[in-house]
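*Asks:* Got a structure for you, questions after.
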Amino acid sequence: MELGVNLAVEDFSIALTEEGSHVASMSLAKAYLFSENLMHYIDLLCTNVGKSYTDIKAIGVVNGPGSYTGLRLSVAQCKTIASILNCPLYGIDTFDVILDQAPKLTSLIAVIIPARKREVNLKLAKTIDCPEWLTDEFMSVKYDKLEQFFLDFSEPITVVGALDGIDSISGKHTLLPASVSAEFVSKRAYRYLEQGEKGNYLKVLPKYSHQAV
């Protein structure tokens, strides 16, 4: 059985899969509700489907960027669980999860996730052949600069991610709300496990946001 944990961005959730197939999931409105009692909720989720947390063979955790508190606590607790269970832990990038789920409607995709108040974190990818990030780094952009940012692009872009409060982007671009699913993270952990990736928990670290520009 695999465990997926997302306390990086809303909707905050945990999920269990069995060889990549859905078993159970749970969502909470606030990251700290999971963060302070993560092991309790994992045990509860396992018990509800007649399993034990000792049945977990791999863990995927969204390790950022995202909520500072959610990342710090979820990564730390998942590392502890992986150490106790002696199972692989895979850190999964927030942007990668959303990009993998995004429809390839245009040759450019912009993935947006929440940052600090009135800011977003943003990363661009091209989708010709297969999705590929244009840069390794993401940028932090204030809401009031987003419109000008997208006006600088002559070609249409598919903008995906957390779009609440973003209504000033040019009409030539396509806006698609998207969230990070813990079930998807759990399925990714299973994929890595099947590919033989070791998933050393000591190497999984939270990734925090840059300063806004």
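*Asks:* Note down all Cβ pairs under 7 Å where the first residue falls in region 48-75 and is at positive phi, the second is at pLDDT 95 or above and among the hydroxyl-bearing types (S, T, Y), and they're at least six residues apart or on different chains.
*Replies:* Hits for this filter: G64/T94; G66/T94.
*Asks:* Now a separate question. Any chance you could count how many residues in region 76-103 are touching a residue at least 12 places away in the same chain (Cβ under 8 Å), charged (D, E, K, R) and closer than 18 Å to F184 by Cα? First the steps, then the outcome.
*Replies:* Filtering region 76-103 down to residues touching a residue at least 12 places away in the same chain (Cβ under 8 Å) leaves 77-79, 81-83, 85, 87-95, 97-103.
Among the residues that remain, those that are also charged (D, E, K, R) are: 79, 93, 100.
After this cut, where a residue has to be closer than 18 Å to F184 by Cα as well, the list is 93, 100.
Total satisfying the criteria: 2.
*Asks:* Residue by residue through region 178-206, note down the ones that are of a type in the set (D, E, K, R) and over 22 Å from A29 (Cα atoms).
*Replies:* Result: K187, R188, R191, E194, E197, K198, K203.
*Asks:* When region 63-89 is examined, which residues are found to be over 13 Å from G4 (Cβ atoms) and among the polar types (S, T, N, Q)?
*Replies:* Scanning region 63-89 gives S67, T69, Q77, T80, S83, N86.
*Asks:* Counting only residues that are out of contact with any Gly (no Cβ under 7 Å at 6 or more places or on another chain) and among the polar types (S, T, N, Q), which one in region 31-64 is nearest to G196 (Cα to Cα)?
*Replies:* Among those residues, the one meeting the criterion is T54.
*Asks:* Restricted to region 90-127, and to residues that are within 16 Å of the chain's Cα centre (by Cα) and assigned to a loop (DSSP other than H, G, I, E, B), which residue is nearest to N6 (Cα to Cα)?
*Replies:* Step by step, filter region 90-127, then rank; the result is D93.
*Asks:* Just the residues that are among the β-branched types (V, I, T) and either within 19 Å of K187 (Cβ to Cβ) or touching a helix residue (DSSP H, G or I) at 6+ places or on another chain (Cβ under 7 Å) (or both), please, taken from region 104-119.
*Replies:* Hits for region 104-119 are I109, V111, I113.
The values are calculated or read from the model by the stated rules, or taken from the named source; none is laboratory data. All of these numbers come straight from a predicted model, not from anything done at the bench. Every residue, glycine as well, gets a Cβ built from its backbone with ideal geometry; the counts of neighbours run over all protein chains shown.
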